Amino acid sequence: MLSGFLTAAEQHPELGTHILVLPSVTQAEDSASCVLRLDFSSGEKAYTYERLCEEHKTAKAYAKSVIADIVKGLDTDLEKAGAIHDYLALHITYDHTFSPSAFTAYGALIDGKAVCQGYSGAFNLLGEAAGLDVVAVANRTHMWNAVRTDGKTYYYDVTFDDADDVLSDAYRGLSSYTPEESGF
């Protein structure tokens, strides 16, 4: 269960964030179930699990409300993924203050400020709303996205293509990509 949670959290940052320590699993008193404990960290004491859930719900609704305009007239998964990449790169600025919401899809989509985890979570929500097979990919210091279509995987790193409202496509739809190529 713990390894499944960690995998899900890594590939879908839009589902959870701000975990202070590794989750712990304890056997429930009835021995038939387990309890997963998550300790959240934040500079804001009000940043609770409930707030994260509400912000995720808001971000997901927002993604569903804008996706039709983002992918309007596009047919292929790669065209749609490219349009999502461009939309995010033009609508989000990198949050150098590392505010708590910067790590969330909410911070990216609603506040317009994020770090790589927020960009990736937003890409996942928009990709899901567009019907794409998309996950986040992470190493110890960075996160980006992978889109699978027609048996092939393509990589998108919106964080690196977001350069102060100047759209770049250097990290858009790459057939192979490792963080070392980008300086991480």
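The values are calculated or read from the model by the stated rules, or taken from the named source; none is laboratory data. Keep in mind it's a predicted model, so treat the numbers as computed, not measured. When we count neighbours, we look across all protein chains shown, and the Cβ atoms used for this are built from the backbone with ideal geometry, even at glycine. Heads up: the accessible areas ignore ligands, DNA and RNA and are worked out on the full protein's heavy atoms, side chains in. Shrake-Rupley method; radii C 1.70, N 1.55, O 1.52, S 1.80 Å.
Of all residues in the stretch 96-113, which are in contact with a Leu (Cβ under 8 Å, 6 or more places away or on another chain) and of a type in the set (Ser, Thr, Tyr)? Spell out the reasoning first.
The initial filter retains those residues of the stretch 96-113 that are in contact with a Leu (Cβ under 8 Å, 6 or more places away or on another chain), namely 104-105, 108-109.
The answer is 104, and nothing else.
Restricting the first member to the stretch 112-123 and to residues that are free of Cβ contacts under 8 Å to residues at least 60 places away in the same chain, and the second to residues that are β-branched (Val, Ile, Thr) and open to solvent by 10 Å² or more (accessible area, probe 1.4 Å), the beta-carbon pairs closer than 6 Å and six or more apart or on different chains are 113/93; 116/159; 119/159. Under the condition of being touching a Ser or Thr at 6+ places or on another chain (Cβ under 8 Å), open to solvent by 30 Å² or more (accessible area, probe 1.4 Å) and assigned to a loop (DSSP other than H, G, I, E, B), the residues counted in the stretch 64-123 number 1. Just one of (1) under 19 Å from the mean Cα position of the chain (by Cα); (2) modelled with pLDDT of 90 or more fails for residue 75. It is (1). The residue of the stretch 124-136 that is most open to solvent (accessible area, probe 1.4 Å), among those that are part of a loop (DSSP other than H, G, I, E, B) and out of contact with any strand residue (DSSP E or B) (no Cβ under 8 Å at 6 or more places or on another chain), is 131. Please work out if residue 141 is at pLDDT 85 or above and among the β-branched types (Val, Ile, Thr). When the stated conditions are applied, residue 141 does not pass them.
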